[in-house]
Amino acid sequence: MINVHPGLPSFDYIQPGSLAEASSFLAEHQGEARPFMGGTDIFVRLRDGFGDYKYLVDVKKLDGMGTINFDPAEGLTLGAAVDMNRVIGSEIIQEHYPLLVEAAGRVASYQLRSRATIAGNICNASPAGDTIGACLLLDASLQVHGSRGFRTEPLNSFFLGPGQTKLEPGDILTAIKLPPPPEGLVSRYIKLGRNQASDLAIVGVTAAGYPDRGRPSGYRIRLALASVAPVPMVVEEVESFLSGEEVTEQRIAAAARIAQEACSPISDVRASARYREMMVRNLSQQALLSVWKSLKAA
Amino acid sequence: MANHTITLKINGELERLEVASNLTLLSMLRQKLTLTGTKNGCHAGECGACTVLMNGEPVNSCLVLAAECDGADIVTVEGLARDGRLNPVQEAVKDAGGVQCGFCTPGILISAHALLERSPNPSEDEIKDALVGNLCRCTGYVRIIDGIKQAASL
């Protein structure tokens, strides 16, 4: 029998009234309950037969999830339920964290971004997540509510493998916190897809740099890669390489080769491993050069 | 599996419905309300054939649960026309030859309508960005974009 209207498998939709109730429900039903925001990853996976949950817990409307707060001393507190279109349209985020706007703007399509969230992008923990490199280079930390209340997790140690994070049963990501951006920060996100827009990243390259007199090169320049390792990765060797001596176009080319060596892509439906590796080098070169030129011109 | 009673506005009319937890907004519109203008193309949020407005914003209704829509304001393609008259975007896309099989058209019209509401004079690039999530296999998009430009110029 042809199923003309493929639907979602059975589950119960749960709407907790508070974070405490949500965490306690999730912990009590561990293994069979999952929190969700926009649902743009989980519903697709469920429809494809991956994942099997008795309960889907809607955590969008809980305390503080929908707010965007910026304080010049503290930085940004981005509520976990803020959808990507709101992030892109936020004047605060455009002014202080344009990299986040650029990265979010490359996700899927307008109608998907009406529902998708950066928090969901992070918790889904796909190495292809477009916004994760930006969050890593902006030194994000995560406010998590769990069975024992609130805690903070640094993003740079959050990912354990594809789709796997440090979150435990009962945990809900409630906000993403970004410190005030460094003076003179310049950034760029380059996404390679099978088409100009709307695809998942075959390779995603995020580069960011700022003047730093404490380094021999006078700059701190960092690089993060998407889709070329089990987790979204920051290539630490690129940072140390470009810190050590005066930045030149040749050193940027060398840094791009370091990035190529550092990644470990797989072959999948979208691209071969070899192609990904070569694109890491080319796009890292482009992104680093773009950042470098802006830094020099400033 | 739990049922949920929801009250929501659909094309200006208040509706009260009982829906299963796993019923999508798309399925609810088509099966419970016979609003079959909205289509299922991919059920994965990639093709945009299921695009409707939810609280003023385009969403892929195949990825929204009906149960999440309690209190929501939904507009489908059926809600664009007024008193039997096509709205300016519908008229313009039709006149420009932007409809062939018509399967993508409802979703395209919703995305285009929402674009012109938030950006009444969009550039060609802005129009293309707004339509990234609406795939068309027939027209090659050119006449659709022409139609939207025409509607914007009114």
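What fraction of the DSSP beta bridges in the protein assembly as shown is antiparallel, stated in percent and rounded to the nearest 5?
On the way: 55 of 64 bridges.
So the antiparallel bridges amount to about 85 percent of the total.
Based on the Kirkwood radius over alpha-carbon pairs, what value in µm²/s does the Stokes-Einstein equation return for the translational diffusion coefficient of region B:3-79 at 10 °C and 1.306 mPa s? Walk me through the numbers before you get to the answer.
Numbers: Rh = 12.0 Å.
After rounding, the answer is 132 µm²/s.
Convex hull volume of the C-alpha atoms in region A:68-178, normalised per residue: 94 Å³. Computed from backbone phi with θ = phi - 60° and the Karplus coefficients 6.51, -1.76 and 1.60, the 3J(HN,Hα) list for region A:189-198 is 10, 10, 10, 9, x, 6, 9, 5, 7, 6 Hz; x is used for glycine and proline. Highest GNM mean-square fluctuation among B:P58, B:P106, B:P88, for chain B modelled with Cα contacts below 10 Å: B:P88.
Report, as an integer, the average count of C-beta atoms from other chains found within 10 Å of each Cβ along A:55-65. Don't skip to the answer; put the middle values down first.
Numbers: counts 2, 4, 0, 3, 0, 1, 1, 0, 0, 0, 0.
Mean partner shielding for this stretch: 1.
May I have the convex hull volume per residue, in Å³, for the Cα set of region A:242-286? Don't skip to the end; give the middle numbers.
On the way: hull volume 2.7 nm³, N = 45.
Convex hull of Cα atoms, per residue: 60 Å³.
With +1 on the Cβ of every Lys and Arg and -1 on the Cβ of every Asp and Glu, and nothing else charged, how large is the dipole of region A:90-216 about its Cα centre, in debye rounded to the nearest 20? Before the final figure, lay out the partial values.
Working: 12 positive and 11 negative charges, 38 e Å.
With only Lys, Arg, Asp and Glu charged at Cβ, the dipole is about 180 debye.
Both numbers refer to the Cα atoms of region B:88-152; Rg and Dmax are 10.1, 28 Å. All distinct Cα pairs of chain B go into the 1/r average, and the inverse of that average, the Kirkwood radius, is 15.7 Å. For region A:132-208, treating each Cα as an identical point scatterer without solvent, what Debye log10 I(q)/I(0) comes out at q = 0.15, 0.20, 0.23 1/Å? Summing over Cα pairs of region A:132-208 leads to -0.68, -0.98, -1.09.
Could you rank the peptides A:281-287, A:104-110 by their average count of other C-beta atoms within 10 Å per residue, with the highest value first? Write down the numbers at each step before the final one.
Working: A:281-287: 21.0, A:104-110: 23.0.
Highest to lowest by the protection proxy: A:104-110, A:281-287.
Can you give the angle from 0 to 90° between the axis of helix B:105-118 and the longest principal axis of chain B, with both taken from C-alpha atoms, to the nearest 10? Result, in degrees: 80. In region A:129-259, a dipole from Cβ-located charges (positive for Lys and Arg, negative for Asp and Glu) runs towards its positive end, and of A:L173, A:V186, A:I258 it is A:L173 whose Cα lies farthest in that direction.
Treating the beta-carbon of each Lys and Arg as +1 and of each Asp and Glu as -1, no other charges, what is the dipole magnitude of region A:12-58 about its Cα centre, to the nearest 20 debye?
On the way: 4 positive and 8 negative charges, 24 e Å.
Result for region A:12-58 is approximately 120 debye, rounded to the nearest 20.
In a simple Cβ point-charge model (Lys, Arg +1; Asp, Glu -1; nothing else charged), chain B has a dipole of about 380 debye relative to its Cα centre. Here the spin labels are modelled as points 7 Å beyond Cα on the Cα-Cβ line, and at B:K94 and A:D139 they lie 5.9 nm apart.
Once the convex hull of the C-alpha atoms of region A:12-58 is built, how many Å³ does it hold per residue, rounded to a whole number?
It is 63 Å³ per residue.
Of the options A:G75, A:I93, A:F25, report the single residue whose Cα projects farthest towards the positive end of the charge dipole of region A:1-140 (beta-carbon charges: Lys, Arg +1; Asp, Glu -1). The one lying farthest along the dipole's positive direction is A:F25.
Within a 10 angstrom radius of each residue's Cβ in B:39-48, how many Cβ atoms of other chains show up on average? Whole number is fine. It would help to have the intermediate numbers written out before the result.
Details: counts 0, 4, 0, 3, 8, 7, 12, 7, 2, 5.
Across B:39-48, the average partner-chain Cβ count within 10 Å equals 5.
Give me the percent of Cα-Cα pairs in region B:43-89 that sit more than 12 Å apart, rounded to a whole number. That fraction is 65 percent.
Roughly how crowded by other chains is peptide A:99-112, in terms of the mean Cβ count from those chains within 10 Å of each of its Cβ atoms?
Rounded to a whole number, the mean comes out at 5.
Here, P(r) means the percent of Cα pairs in each 10 Å bin from 0 to the largest distance; for the protein assembly as shown it is 4, 20, 28, 26, 16, 5, 1, 0.
Laboratory data are not the source of any read-out in this text; all were calculated from the coordinates shown. The structure displayed is predicted, hence computed values, not measured ones. Positions of Cβ are backbone-derived with ideal geometry, glycine not excepted, and every protein chain shown enters the neighbour counts.
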